[in-house]
Every structure is written in structure tokens, then in C-alpha cells.
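Down below is the structure, laid out as C-alpha cells.
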Amino acid sequence: MGGDQEVSLYLGLAYAFKKEPERAIQEFKKSLKWGPTFPPAHYYLGVQYQGWNPGLAKQHLQTFMKLAPLRPGYENLQPRAEKILNKL
């Protein structure tokens, strides 16, 4: 795991906070280029896509749910991901 994927993740979160979903998605995708199995990038892509591309949201959230148990630290996001998935 490199620092670049985390930098892109945090940039994506900043753009999401600023209500700039297109830029957030770009950064989350960059994070996945650095580390395709990086769980939070999948989670936050799913969150960003949920309103306008439910298929992609579901895909990323399901991937997150598969990867998260393999790496500690994402237990708090799992119930949120399940809740979103149940709505999709």
C-alpha cells in the first residue's frame, strides 16, 4: 500500500465535502489505480455514484463489502455500505 492511493482518497473526500462529485470520483478512481483492492476508495465511489448511477454504486459497494473484512479499520463503514446497498 502506497501513500499515493491515500492522497487521492483524501483529495476525493475533500471534493466530496465541497459538493464537487465529478472531481471526487476522479480522485477515488485514481486511488484505485494505485491500489485496486483499497476498500475505502470502493466505498466512497459507491457513495458518490448512488444518486445517479446505481449500478456502479452497487458494484463498488459490493466490492468494498468483499474487501473490507480482509483489512482492519473499516468496520464502521460496513453497516453504512449495507444500508446503501439495501436501498439500491
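From the list Pro72, Pro54, Pro36, exactly one residue is in contact with a Leu (Cβ under 9 Å, 6 or more places away or on another chain) and at negative phi. Which is it?
Only one candidate passes the filter, namely Pro54.
What do you reckon, is Arg71 touching a Pro at 6+ places or on another chain (Cβ under 9 Å) and of a type in the set (Lys, Arg)?
Yes, satisfied.
Which is exposed (fewer than 15 other Cβ atoms within 10 Å of the Cβ), modelled with pLDDT of 95 or more and among the basic types (Lys, Arg), of Lys66, Lys58, Lys30?
Sole residue among the options that is exposed (fewer than 15 other Cβ atoms within 10 Å of the Cβ), modelled with pLDDT of 95 or more and among the basic types (Lys, Arg): Lys66.
So how many residues does the range 69-87 have that are part of a helix (DSSP H, G or I) and either more than 11 Å from the chain's Cα centre (by Cα) or acidic (Asp, Glu) (or both)?
Looking only at that region, the number is 11.
The values are calculated or read from the model by the stated rules, or taken from the named source; none is laboratory data. Everything quoted here is computed from the prediction, not taken from an experiment. Note that each Cβ is placed from the backbone with ideal geometry, even for glycine, and that neighbours are counted across all protein chains shown.
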